[in-house]
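I have placed the structure first, in the form of structure tokens, so that the comments after it can refer back to it.
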Amino acid sequence: MEGVSADDAMPSDAQVQAAAEGRATHPREPHAGGTAGRLNWLRAAVLGANDGIVSVAGIVIGVAGATSARGPIFTAGLAGLVAGAVSMALGEYVSVSSQRDSERAEIAQEKRELASTPGAELTELTALYEAKGLSAATARTVAAELTARGALAAHLDAELHIDPDDIPSPGQAAAASALSFTSGALLPVLAILLPPAAARVPVTFVAVLIALGLTGSLSARMGGSNIRRAVLRVVIGGALGLAFTYGIGHLFGTAIG
């Protein structure tokens, strides 16, 4: 760049240390290295809460369409909450366990390759950096220096994009998923049980749609998408779903009763 010397482009010791620790390297930087992982966890929590709101609201609204008795509504809502939380936790546990096992297998394979063919692995690392745009000589120098500092870490980063210190925990993922689902599911359960019988369905409709609007807005902010469009999409979809389940509950509850 014009007006920038080589000395100006050299980072300070503090910047190098910040980069190594995954922190911001200058004041204008909006996020640090670990932000992507935290955003993924937050996004998963919001989606889990959204699932809890929608699924359990559909259950309690459907039952409320068939009966005004608080007991059956509470039983159905509680059963939906527990079943949903368990299902979300099990699904997340299996998914993250598979991911963890795959990453561990790749790490073990890389260790074996480094032990048996270190020269070929150095050549491979050089090729990876050359493919990123470095000259052949510079790529070789970078690969050699990173190998000297830690061959496994260098290959995991450049070749497999794995951080061995950031492998997800299935137990933590399952617990977080169950907790987020439960937190969302509690809203429609309380909204349908606390008001008088005549106001239960309208209050639940309003509370659920407001909550869906908030989760839709938060998801859009995290994803950088249009907030208004995201909120309208989730609120209209939620309203249609609630109306449909209430109609089904009222129709079949009346027919069977």
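A compact table of results
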read-out	value
Residue within segment 50-65 that is at pLDDT 90 or above, farther than 30 Å from ALA198 by Cβ and within 20 Å of the chain's Cα centre (by Cα) present	no
Single unsatisfied condition, ARG233 versus (1) in contact (Cβ under 8 Å) with a residue 40 or more places away in the chain; (2) open to solvent by 80 Å² or more (accessible area, probe 1.4 Å); (3) among the charged types (D, E, K, R)	(1)
Top-ranked residue of segment 131-148 - restricted to ones that are of a type in the set (D, E, K, R) and over 33 Å from the mean Cα position of the chain (by Cα), ranked as nearest to SER95 (Cα to Cα)	GLU145
Matching residues, segment 116-165, being touching a residue at least 24 places away in the same chain (Cβ under 8 Å) and farther than 20 Å from GLN99 by Cα	PRO118, GLU121, LEU122, GLU124, LEU125, LEU128, TYR129, THR147, ALA151, ALA154
Tally of residues being at pLDDT 90 or above and under 26 Å from the mean Cα position of the chain (by Cα) across segment 192-221	8
Residue in segment 122-145 that is under 30 Å from LEU212 (Cα atoms) and surrounded by 14 or more Cβ atoms within 10 Å (Cβ to Cβ) present	no
Condition check for ALA85: assigned to a helix (DSSP H, G or I), touching a residue at least 40 places away in the same chain (Cβ under 8 Å) and surrounded by 13 or more Cβ atoms within 10 Å (Cβ to Cβ)	yes
Positions within segment 204-214 being under 15 Å from VAL56 (Cβ atoms) and surrounded by fewer than 24 Cβ atoms within 10 Å (Cβ to Cβ), in sequence order	PHE205, ALA207, LEU209, ALA211
Test: residue in segment 104-115 that is in a helix (DSSP H, G or I), in contact with a Ser or Thr (Cβ under 6 Å, 6 or more places away or on another chain) and touching a residue at least 40 places away in the same chain (Cβ under 8 Å)	no
Selection from segment 157-191 of residues that are surrounded by fewer than 22 Cβ atoms within 10 Å (Cβ to Cβ), over 14 Å from the mean Cα position of the chain (by Cα) and not aliphatic (A, V, I, L, M)	ASP157, GLU159, HIS161, ASP163, PRO164, ASP165, ASP166, GLY171, THR182, SER183
Answer residue from segment 55-82, given it is part of a helix (DSSP H, G or I) and open to solvent by 70 Å² or more (accessible area, probe 1.4 Å) and is farthest from SER183 (Cα to Cα) among those	ARG70
Number of the exception - GLY224 against (1) of a type outside the set (S, T, N, Q); (2) over 16 Å from the mean Cα position of the chain (by Cα); (3) surrounded by fewer than 19 Cβ atoms within 10 Å (Cβ to Cβ); (4) farther than 25 Å from SER87 by Cβ	(2)
Lone unmet requirement of (1) modelled with pLDDT of 90 or more; (2) buried (at least 18 other Cβ atoms within 10 Å of the Cβ) for GLY150	(2)
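The values are calculated or read from the model by the stated rules, or taken from the named source; none is laboratory data. Because the structure is a prediction, the values reported are computed rather than measured. Note that each Cβ is placed from the backbone with ideal geometry, even for glycine, and that neighbours are counted across all protein chains shown. Ligands, DNA and RNA are excluded from the accessible area calculation, which covers all protein heavy atoms including side chains. Shrake-Rupley method; radii C 1.70, N 1.55, O 1.52, S 1.80 Å.
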